[in-house]
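Scroll down for the structure; my scribbles are underneath it.
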Amino acid sequence: MNDIILGIESSCDDTSAAVIRDGVLLSNVVASQSVHEAYGGVVPELASRAHQQNIVPVVSEAIKRAGIDRHDLSAVAFTRGPGLMGSLLVGVSFAKGLALSLGIPTIDVNHLQAHVLAHFIKDDEERRQPTFPFLCLLVSGGNSQIIVVKDFDDMEVIGQTIDDAAGEAIDKCSKVMGLGYPGGPIIDKLARQGDATRFQFAKPHIPGYDYSFSGLKTSFLYSLRKWVADDPDFIEKNKADLAASLEKTIVDILMSKLLKAAKDLKIRQVAVAGGVSANTGLRDAFRDYSDKYGWEIYIPKFSYTTDNAAMVAITGYHKYLKGDFCDIAAPAYSRTTIK
C-alpha cells in the first residue's frame, strides 16, 4: 500500500514530527524546550519562537530516520488544536506549506483525539490494542475527561473537569511546595518514597461523571500554610509524604468517576491517555482496578503519553483511509473538545 503520513505536533512546548507507513511507526522525533523551567510554566511567546527554530530540523530528522524521501509522503497531518495559538500556528503553517509544495493533502488532527488514538500506534513492540467501544480516561495538564470511544472518528465526552485539570493541580501544588516545574515527574518520584495515608485533603462531591480539582488545590494550600506557620521546615521534612498523599487523592478522584462510568455503561475495556497517564500511582491504580473489577486495561508506552507526533500521525492515517482531508484555509483553534 505504502500510505505514508507525516505527523506534526506543536500544540504547546514540544516540537515533534513522526512518519507512519501503513499504520506502522517509522520515526518519532521530539524536541523539548527547557527554557520554561525558570518561569514555573510555559511562556507562550518563548514557546512559539522555539518552535520556529525547531520545526525544520525536527521534520527533516523524522523523514531521515524513516528512511524515506519527502516526495514519498501521501499526506501531512498536523495538530490544528487545541493548544497555544502561537505554537499551533508554527506547525499548522509549516504543514500546509510542505503539503502545497508536494501537491499532497493535509489532514487536521484534534490534539485530544490524538492522545486517545495513541493506543493504536504500531511500532517494534507487541502491544494489545483496544476494540470499540472502550472507555478512555484522558488526563493531562489541561484536560481531565472520561470518553466513550466508539470508533476512530466517533468519541463522546461523558465527563470532564468543571474547573482545573488533574495535571494542572499537580503542577500548582508542586509549585506551592517549591519543588519546581513541571511538577508531574517531581511529585511522582517523591511519592514513591512517601506514606500516601499520612495526610488527607478535600475531595469534591460533583454529580455525574464530571471532575473538579480546585477544591483540592485550596485544601492543599490552606493546610500547607497552617503547617508551615507551626514549623517553617515542615515542607522539607514531609515532602515525600505530602507528594504521596496528594497523588493518592488525585488518583482516587479520577478512578472513582471512571469506575462509576464503567459500571453504568457496562464497559470493561478501559484505557488511559495523556501526560498524567505516565504517573506511576495512576498506572498502579489501573492494574489494581483491572484485578478487582475484571477490566481489560490499556496503558500507553511512556513515550506516547506526553505530546508527540506519533499520535498525530496515527490519527491522520485513519482519517486518510477515509479520505477525511482538511481545507488548506482551515485555521488553527486554541480551544475545543472532542465532539
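Just how large is the dipole of the stretch 197-246 about the Cα centre, in debye to the nearest 20, putting +1 at every Lys and Arg Cβ and -1 at every Asp and Glu Cβ?
Numbers: 7 positive and 6 negative charges, 20 e Å.
Value, rounded to 20: 100 debye.
Convex hull over the alpha-carbon atoms of the stretch 103-160: what's its volume per residue in Å³?
Working: hull volume 7.1 nm³, N = 58.
Spelled out: Cα convex hull of the stretch 103-160, divided by residues, is 122 Å³.
For the chain, with all protein chains present and a 1.4 Å probe, just round the carbon and sulfur fraction of the accessible area to a whole percent.
On the way: 7470 of 14770 Å².
The computed percentage sits at 51.
Step through the residues of the stretch 291-300 one at a time and calculate ³J(HN,Hα) from phi using the Karplus curve (6.51 cos²θ - 1.76 cosθ + 1.60, θ = phi - 60°), rounding each to whole Hz and writing x for Gly and Pro.
So the J values, rounded to whole Hz, are 5, 7, 10, x, 6, 9, 9, 9, 10, x.
Let me know the whole percent of all Cα-Cα pairs from the stretch 200-339 that are separated by more than 21 Å. Let's see the in-between values first.
Numbers: 5900 of 9730 pairs.
For the stretch 200-339, the fraction of Cα-Cα distances above 21 Å is 61 percent.
GNM, the chain, Cα, under 10 Å: largest mean-square fluctuation among Ile121, Ile170, Ile267?
Ile267
Working from Cα positions, state the angle (0 to 90°, nearest 10) between the long axis of helix 309-321 and the longest principal axis of the chain.
50 degrees
Can you compute 3J(HN,Hα) from phi for each residue in the stretch 145-151, using the Karplus curve 6.51 cos²θ - 1.76 cosθ + 1.60 with θ = phi - 60°, rounded to whole Hz and x for Gly and Pro?
9, 10, 10, 8, 9, 9, 6
How much accessible area per residue does the stretch 275-326 have, in Å², with a 1.4 Å probe?
39 Å²
Using just the Cα positions, wrap the chain in a convex hull and report its mean projected area in square nanometres, one decimal place.
Values: hull surface 67.8 nm².
Here the figure is 16.9 nm², rounded to one decimal.
Could you tell me how far the Cα centroid of the stretch 71-98 sits from the Cα centroid of the stretch 110-130, in Å?
For the stretch 110-130 versus the stretch 71-98, the Cα centre distance is 20 Å.
About its Cα centre, what dipole magnitude does the stretch 223-338 give when the only charges are +1 on Lys and Arg Cβ and -1 on Asp and Glu Cβ, stated in debye to the nearest 20? Kindly include the intermediate steps, with their values, before the conclusion.
On the way: 17 positive and 15 negative charges, 95 e Å.
Magnitude of the dipole: close to 460 debye.
Can you pull out the GluC sites (Glu not before Pro) in the stretch 52-128 whose DSSP state is coil and whose Cβ has at most 15 other Cβ atoms within 10 Å?
Values: sites: Glu61, Glu125, Glu126; in loops: Glu125, Glu126.
Taking the stretch 52-128 and a limit of 15 other Cβ atoms within 10 Å, the loop GluC sites (Glu not before Pro) found are Glu125, Glu126.
Against the longest alpha carbon principal axis of the chain, how many degrees, from 0 to 90 and to the nearest 10, is the axis of helix 214-230 turned?
40 degrees
To the nearest µm²/s, what D does Stokes-Einstein give for the stretch 1-134 at 20 °C and 1.002 mPa s, using the Kirkwood radius over alpha carbon pairs as Rh?
Working: Rh = 15.4 Å.
Stokes-Einstein gives a translational diffusion coefficient of 139 µm²/s.
Distance cut-off 29 Å, Cα to Cα: go down the list Lys217/Lys260; Lys239/Lys260; Lys237/Lys260; Lys260/Lys301; Lys150/Lys257; Lys248/Lys301 and report the pairs above it.
On the way: Lys217/Lys260 24 Å; Lys239/Lys260 32 Å; Lys237/Lys260 37 Å; Lys260/Lys301 26 Å; Lys150/Lys257 19 Å; Lys248/Lys301 22 Å.
As for pairs spanning more than 29 Å Cα to Cα, those are Lys239/Lys260; Lys237/Lys260.
Can you list residues whose amide H is under 5 Å from Val272's amide H, if they're 5+ apart or on another chain and H is modeled 1.01 Å from N?
Those qualifying (amide H under 5 Å, at least 5 residues apart or on another chain) are Leu137, Tyr298.
Hey, can you grab everything whose amide H is under 5 Å from the amide H of Ser10? Only 5+ residues off in sequence or another chain; H modelled, so Pro and N-termini drop out.
Here Thr79 satisfy the definition.
What residue among Asp153, Asp264, Asp284 shows peak mean-square fluctuation when the chain is described by a Gaussian network model with Cα springs under 10 Å?
Largest GNM mean-square fluctuation: Asp264.
For Tyr222, Tyr317, give the ranking by accessible area with the largest first, probe 1.4 Å.
Values: Tyr222 135, Tyr317 20 Å².
Largest to smallest exposure gives the sequence Tyr222, Tyr317.
Would you look at the GNM of the chain, springs on alpha carbons closer than 10 Å, and say which of Leu179, Leu138, Leu242 moves the most?
Leu179
The values are calculated or read from the model by the stated rules, or taken from the named source; none is laboratory data. In this text the structure is predicted, and so the values were computed from the model without any measurement. All Cβ positions, even for glycine, are placed from backbone atoms using ideal geometry, and neighbour counts span all protein chains on display. Areas reflect the complete protein model, heavy atoms only, side chains present, ligands, DNA and RNA absent. Shrake-Rupley method; radii C 1.70, N 1.55, O 1.52, S 1.80 Å.
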